[in-house]
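The structure appears below as structure tokens.
The values are calculated or read from the model by the stated rules, or taken from the named source; none is laboratory data. Everything numeric in this text was worked out from a predicted model, so none of it was measured. Note: ideal-geometry Cβ built from the backbone for every residue, glycine included; neighbour counts use all protein chains shown.
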Amino acid sequence: MLRNYYLGGLLLVGAMFFLSTFATAQKTVGPARFDAGMKAFKVRKYDRAIEIFSRIIAGQPKNAKALAMRARAHSAIKANRLARFDARAAVRSDPNEPLAHFALGGVHHDDKKLDQALQEYERAIQLNPKFAFAFTNRGLVFSERKQFDLAIKEFSRAIQVKPKHVNALLNRANAFAELKDYDRAIKDYSKAIEVDPKNLDPLLNRAKIYGIEGLFDLALSDASRAIAIAPNLSDPYFSRALLFHDQRKFQRAIRDYDKTLELSPNDIEALNNRGNVYGEIGQSQKALKDFDKALQIDSDNPTIYANRAQAHTEMDNFRLAIGDYVSAIMRSPKCLDSYRKSNFFNENRRGKIDQEALSYLIKIKGFIDSSCR
């Protein structure tokens, strides 16, 4: 299973917008206090930002910008009820303030009320036609709805207003990638990297696309560059591990999966993928350990049950394998193909299955065939 890096970095959209509105906002809010709140927000010290914006609001209870920004800070710490209260208060205080509608749109977006989110973002754009970040967030809504052509239009409008808008470039690239327009995706990722060379998301996404296109040297270069930028984050190692895995360079893949798990011990995808590598090189016992740990973390994952079943099969643990295939198929009928292609139906394996297990296998095969058609 490949990790999907698409949509990476989107949570920064609101923060970037707030920074862009600083010059306007400080005209109505004490510049020093507002600046301090913005700096706290920028470095993700959300509690500190809330404290500062609250002081501003205490002196100016109807300051729409301060209310809107406190709403976004509340959203960042998942205090959705407080974010909702502040965003609505911001709109009531000044219905003509674009940032207030943007903040309320963000609250609706977080609540998955996508129609309302689109309406508020559109209202923000009506009040400020050059509101690049509102265009970007509309694009994100369309991306969530898998309406990628509409998303691309919104991201393009954002880029037209703000040509170096990294999040718009990144997410338009993601939309192009979803449509398998890889040339244009690479072009946008490359532009985003040019604007922000230390941003991991376009680097890792471009590496993934290069891998899909078979350009492994370029892909490995991007993944390694991401590791150099953030050696203490797991995602770059995982990205490079996938590339080595695809090239069947199993020992290198294992080393990078090892590093991924050293940094993120409960990464289910890394555990599953390393287990698959161990299976491919005949180390079924190590594969089982990885699948066991992954299932301790997520006991409802059908893919991992199917993979563990294959490891059990390779070790002639047929009853355990049968149990895992049943667990996989009951959770996802898509695993039926994996079951039908398993080594149970290889004549060389069939002779090793004891009669009781074989009888059970035949029984559940009939049940599965009838219930998963």
Of the numbered conditions (1) buried (at least 24 other Cβ atoms within 10 Å of the Cβ); (2) free of Cβ contacts under 8 Å to residues at least 24 places away in the same chain; (3) farther than 26 Å from Tyr182 by Cβ; (4) not small (Gly, Ala, Ser), Leu271 satisfies every one except a single condition; which is it?
(2)
Output the residue which, of all residues in segment 232-267 that are in contact with a Phe, Trp or Tyr (Cβ under 8 Å, 6 or more places away or on another chain) and among the acidic types (Asp, Glu), is surrounded by the fewest Cβ atoms within 10 Å (Cβ to Cβ).
Asp246
Among the candidates Tyr182, Tyr189, Tyr210, residue that is touching a Lys or Arg at 6+ places or on another chain (Cβ under 6 Å) and either under 19 Å from Pro236 (Cα atoms) or surrounded by fewer than 23 Cβ atoms within 10 Å (Cβ to Cβ) (or both)
Tyr189
Consider segment 192-207. How many of its residues are in contact (Cβ under 8 Å) with a residue 60 or more places away in the chain, over 16 Å from Tyr237 (Cβ atoms) and acidic (Asp, Glu)?
0
Residues of segment 31-86 being charged (D, E, K, R) and either buried (at least 16 other Cβ atoms within 10 Å of the Cβ) or free of Cβ contacts under 8 Å to residues at least 12 places away in the same chain (or both), which ones?
Arg33, Lys39, Lys45, Arg48, Glu51, Lys65, Arg70, Arg72, Lys78, Arg81, Arg84, Asp86
What residue, among those in segment 177-232 that are in contact with a helix residue (DSSP H, G or I) (Cβ under 6 Å, 6 or more places away or on another chain) and of a type in the set (Ser, Thr, Tyr), is farthest from Asn167 (Cα to Cα)?
Tyr210
Could you tell me whether segment 296-313 includes any residue that is outside any helix (DSSP H, G or I), at pLDDT 95 or above and among the β-branched types (Val, Ile, Thr)?
no
Of all residues in segment 193-207, which are crowded, with 21+ Cβ neighbours inside 10 Å and either touching a Gly at 6+ places or on another chain (Cβ under 6 Å) or among the acidic types (Asp, Glu) (or both)?
Asp201
Output the residues belonging to segment 235-293 that are among the hydrophobic types (A, V, I, L, M, F, W, C) and under 24 Å from Gly214 (Cβ atoms).
Phe238, Ala241, Leu242, Leu243, Phe244, Phe250, Ala253, Ile254, Ala270, Val277, Ile281
For segment 225-281: of the residues being charged (D, E, K, R) and outside any helix (DSSP H, G or I), which is nearest to the chain's Cα centre (by Cα)?
Asp267
Residue by residue through segment 151-171, note down the ones that are under 16 Å from Leu203 (Cβ atoms) and either over 15 Å from the mean Cα position of the chain (by Cα) or among the small types (Gly, Ala, Ser) (or both).
Val166, Leu169
